[in-house]
């Protein structure tokens, strides 16, 4: 999966602002999530058209289980609806779907719908859409390290073999490259436990709009901002220029 010149290979998005969008209009928060699903469709199409190879969406964090049960239940139903309604277009556009995080935490019906979506889109080779569900970057790191620690304690893994590469391959994001661009809508300037290990060199973009209002034009603006950045990865500007 190759990307066009100047387009980030991996885009990760914190889709913030659904609830506030609804409250501003005197609607229940669930209405904002439904409207946000339309923005998901537009962004998936926009990324596919632009040549993005990997798109990761922060759909439901581990901390989101603390929200009112009515809102959580509505989100779980919306995921089922998404899986059912989008499968045909995703297959047509050759987009595969996977889940990072803790899908085992999801209700059975939601989990089964998502696993069926993953199965039906498995042949997609043009773009991978990853849904971060019941996801926490810290939890992902801790869980991976606990597994490694058990193997070291049991004597099946030498401590000297523990390195960054091993840790990466024990995390639920193991099949994804590091994100090149992280976008957060909603006016907040934080990552909220989203890909903290993977996004250390990502470019960050914070459009001042709520997620349901995020359109393809805003995605293009994010790409233009990304293209204007100098990505040095610890090197000097001169070194980067000489390598071009």
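Read the figures in this text as sums done on the coordinates, not as results from a lab. All figures in this text were calculated on a predicted structure; none of them were measured in a lab. Because the Cβ atoms are built from the backbone with ideal geometry, glycine has one as well, and the counts that use them run over all protein chains shown.
Each Cα pair under 8 Å and six or more residues apart adds its separation to the average, and for the range 92-233 the resulting relative contact order is 20 percent. Its residue count N fixes a reference of 2.2 N^0.38 Å for the range 2-48, and the Cα radius of gyration divided by that reference is 1.47. Distance between the modelled labels on residue 163 and residue 108, one decimal in nanometres: 4.5 nm (7 Å Cα→Cβ projection).
For the peptides 72-84, 91-103, residues were scored by their other Cβ atoms within 10 Å and the scores averaged per peptide; the highest-first order is 91-103, 72-84. Per the Cα gyration tensor, the range 53-168 maps to an equivalent ellipsoid with semi-axes of 30, 20, 11 Å, ordered largest to smallest.
Relative contact order of the chain, taken over Cα pairs closer than 8 Å and 6 or more residues apart, is 28 percent.
Applying 1/(1 + (r/R0)^6) with R0 = 41 Å to the Cβ-Cβ distance of residue 188 and residue 153, what FRET efficiency is obtained, to the nearest 0.05? My answer for the efficiency is 0.55. Over the chain, dividing the summed -39,500 (n - 2.57) contributions of all DSSP H runs of at least 4 residues by the number of residues returns a 222 nm mean residue ellipticity of -14500 deg cm²/dmol. Sorting 228-238, 190-200, 32-42 by their mean Cβ neighbour count within 10 Å, with the most densely packed peptide first, gives 32-42, 190-200, 228-238. Computed over the Cα atoms of the range 150-242, pair by distinct pair, the Kirkwood hydrodynamic radius stands at 16.3 angstrom. Spin-label model, residue 201 to residue 88: label points 7 Å out along the Cα-to-beta-carbon direction sit 4.3 nm apart. Once the chain from residue 220 to residue 115 is taken as fully extended at 0.36 nm per residue, the excess over their C-alpha distance is 34.7 nm. One entry in [x] 55, 48, 35; [y] 55, 48, 38; [z] 56, 42, 31 is Cα extents along the principal axes in Å calculated from the shown coordinates; its label is [x].
Would you kindly give the portion of the calculated P(r) for the range 20-78 that falls above 15 Å, as a percent of all Cα pairs? The share of Cα pairs beyond 15 Å in the range 20-78 comes to 59 percent.
Between residue 209 and residue 237, the FRET efficiency estimated from the beta carbon spacing at R0 = 41 angstrom works out to 0.80.
Scaling the Cα radius of gyration of the range 105-158 by the globular reference 2.2 N^0.38 Å produces a ratio of 1.60.
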